[in-house]
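Down below is the structure, laid out as structure tokens.
The values are calculated or read from the model by the stated rules, or taken from the named source; none is laboratory data. Small disclaimer: the values here were computed from a predicted structure and weren't measured. Every residue, glycine among them, receives a Cβ derived from its backbone with ideal geometry; neighbour counts consider all protein chains shown.
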Amino acid sequence: MSHSPQTPLLDKVSFPADLRQLDKSELRQLSDELRAEVIDAVGTTGGHLGSGLGVVELTVALHYVFNTPEDRLVWDVGHQCYPHKIITGRRDRIRTLRQGGGLSGFTKRSESEYDPFGAAHSSTSISAALGFAIANKLQGQPGRGIAVIGDGAMSAGMAYEAMNNAEQAGNRLVVILNDNDMSIAPPVGGLSTYLARLVSSGKFLGLRELARKFARKLPEPLHKAARKTDEFARGMAMGGTLFEELGFYYVGPIDGHDLDALVPVLENVRDAAEGPILVHVVTQKGKGYAPAENSADKYHGVPRFDVVTGEKAKSKAGPPAYQNVFGDTLAKLAETDKRICAITAAMPSGTGVDRFAKAHPDRAFDVGIAEQHGVTFAAGLAAQGMRPFAAIYSTFLQRAYDQVVHDVAIQNLPVRFAIDRAGLVGADGCTHAGSFDITYLATLPNMVVMAAADEAELVHMTYTAAEYDDGPIAFRYPRGNGVGVELPETPQKLEIGKGRVMRQGTKVAILSLGARLAEALKAADQLEAKGLSTTVADLRFAKPLDTQLIERLMRTHEVVVTVEEGAIGGLGAHVLTFASDEGLTDVGLKIRTLRLPDIFQDHDDPEHQYDKAGLNAPDIVATVLRALRHNSAGVEEARA
């Protein structure tokens, strides 16, 4: 079928089946239109931009060549999946990205059959694609597993663990290495493109198999030599020897924006009997949009912006971001303490370690997407007398839990865990929420767990952690900006396991942990207005608990409510256990625990998320009123 250049092709492509009806000569126009649609959509909603722009042609080529969704296409991390979403039936909703009730910013199984696997943490795609490939093989079903993984994600050991086990999948597994940052390839040009097409062709593979069969009949030393000659000849010309050693047939590098090169190679790979196969594609983040191409971060994650100028919407001036408070505080402490060092897992600016690195470059370590290594590396530093801070998002620290237990806690090593993005995180949704760290850390012997109520408390907790050498210690703090309190000039060393009373009352006690303190104080105001005298305590520590303070409040108040930004099993569970052990529940005391609900909460505005979670001031008030049996109407009445 043919179209005039003026006819918008994207309007005719709702699903990949429509795309496969186009002529190859029309794919360039479609890609240009798709890129423009992505730019316009993200300009409206904000989100990940540069990574998606870099894979527009690759997205078109993959859906054109392979039979999706029967061929299972898995995008690693998924922040580059916006073009994919547009041509898989979701264009009409693309401007709802990352908004409440709208499309996820990542792939999501419940959203589309074209999202066979939810991915938002890095380096999982090859394992998942291998699972799809082997399942189809075992069930006698057609269909491949196709993983698209970036070069940054290849820094994680999980990718190599998967590749090391991929041989059984045969040609059902295709890995696309999207190389947009690292220089692991020779220059991409006419020769490399020609070689890639040659070695992926059926004729070449057929000759190669004949040579293999012949070589097998040779004596073993000659057989080995023939095999190595084949591998290293192609490795010297094209790279890829490492992947060959892992059992993959390597093809590339290919210009990921040249459809005339990309489509024929993918067709050869699709039709090849050889496998598993790794196709090395070189792309450019932000491709086709000058502001993104010229930006240092290639517009990786952006707020709303003007599509014409590229100017990003300016956020209102306000308090400093929590991660910057941490980074600046740690950098200042390290001026006089040469033992302090900082570790991040590919998130230097997200954790504030970039600020530390500018001041102390020899003591800052970005280990890449390798949280497991980062934690054990920190343990080694601590064992040798350093004071390491492992600055890792709560959701990513989950990936290193065995190392936290085995390499840090059991050995009682003084690793400091700076846990960013604690609590709910808004547009990134459940995959990035810091919901579980209180529970999974406070359950460990030897561990100290703190939670900052505001940015001033974060300064104190950073200093407290630096000075604590008796074992592992963690402090958590939320995403975004602080609440606007004045930062202390001199940090205070907190007494381990001791909270503070923010206001004193007589009937109701609210025990707050972390950044819900402001809502707890609002709730206290509302309860006082209803004639209920209310104490508010900032416990500061989930472990060890301030048992003296908690027992005193339980013995002198009628209702005690715990409030935390964490899942069940955290502060509330520890307080209830303490009360039970001490017999404090035997005297008619009413204890209630407020925590995150036992669900994975979808992306939304953070305030709406906390509303749905029942962790805002009206929810605290309603909980108290129900406990006192003064009111059965719940939150609605409390809000009135």
Between a residue in region 600-615 that is outside the structural domain of R98 (by TED's automatic domain parsing) and small (G, A, S) and any residue that is in a loop (DSSP other than H, G, I, E, B) and surrounded by 18 or more Cβ atoms within 10 Å (Cβ to Cβ), which pairs come within a Cβ distance under 6 Å, given they are 6 or more apart or on different chains?
A613/L596
Taking P472 as meeting all but one of (1) touching a Gly at 6+ places or on another chain (Cβ under 9 Å); (2) under 12 Å from V449 (Cα atoms), write down the number of the exception.
(1)
Do we have any residue at all in region 257-277 that's under 19 Å from D32 (Cα atoms) and assigned to a loop (DSSP other than H, G, I, E, B)?
yes
Go through region 594-608 residue by residue and tally those that are buried (at least 19 other Cβ atoms within 10 Å of the Cβ) and at pLDDT 95 or above.
3
Specify which of the listed residues (V60, V77) is touching a residue at least 24 places away in the same chain (Cβ under 8 Å) and in a helix (DSSP H, G or I).
V60
Looking at region 105-210, what helices (runs of 4 or more DSSP H) fall wholly within it and have at least 3 residues that are modelled with pLDDT under 85 and surrounded by fewer than 24 Cβ atoms within 10 Å (Cβ to Cβ)?
190-199
Might you let me know whether region 50-65 holds any residue that is touching a helix residue (DSSP H, G or I) at 6+ places or on another chain (Cβ under 7 Å) and over 19 Å from T283 (Cβ atoms)?
no
Hey, any hits in region 504-515 for a residue that's in the same structural domain as E565 (by TED's automatic domain parsing), within 19 Å of D619 (Cβ to Cβ), out of contact with any Leu (no Cβ under 9 Å at 6 or more places or on another chain) and at pLDDT 95 or above?
yes
Those residues that are touching a residue at least 40 places away in the same chain (Cβ under 8 Å) and either on the phi < 0 side of the Ramachandran plot or crowded, with 17+ Cβ neighbours inside 10 Å (or both), I need them from region 86-101; list them, please.
I86, I87, T88, R91, I94, R95, T96, L97, R98, Q99, G100
Across (1) more than 30 Å from K137 (Cβ to Cβ); (2) assigned to a helix (DSSP H, G or I); (3) under 22 Å from the mean Cα position of the chain (by Cα); (4) without any contact (Cβ under 8 Å) to a residue 40 or more places away in the chain, V42 clears everything bar (4)
Out of T336, T329, I need the residue that is more than 20 Å from A453 (Cβ to Cβ) and outside the structural domain of G78 (by TED's automatic domain parsing). Which one?
T336
Across (1) part of a helix (DSSP H, G or I); (2) within 29 Å of the chain's Cα centre (by Cα); (3) crowded, with 22+ Cβ neighbours inside 10 Å, P253 clears everything bar (1)
Selection count where residues are within 13 Å of S125 (Cα to Cα) and of a type outside the set (A, V, I, L, M), scope region 63-78
4
Residues of region 40-85 classified as of a type in the set (S, T, Y), farther than 22 Å from L22 by Cβ and surrounded by fewer than 24 Cβ atoms within 10 Å (Cβ to Cβ), total
2
Suppose the filter is in a helix (DSSP H, G or I), within 18 Å of D260 (Cα to Cα) and among the basic types (K, R); does R90 pass it?
no
Identify the single condition in (1) small (G, A, S); (2) over 20 Å from D92 (Cβ atoms); (3) not in a helix (DSSP H, G or I) that S51 does not satisfy, given that it satisfies every other one.
(3)
Looking across region 585-608 at residues that are touching a helix residue (DSSP H, G or I) at 6+ places or on another chain (Cβ under 7 Å) and not in a loop (DSSP other than H, G, I, E, B), the single one that is farthest from V508 (Cα to Cα) is P606
Considering only region 1-39, state which residues are among the polar types (S, T, N, Q), within 26 Å of D306 (Cα to Cα) and either at pLDDT 90 or above or crowded, with 16+ Cβ neighbours inside 10 Å (or both).
Q29, S31
Only one of (1) touching an Asp or Glu at 6+ places or on another chain (Cβ under 7 Å); (2) under 24 Å from Q492 (Cα atoms) fails for A345. Which number is that?
(2)
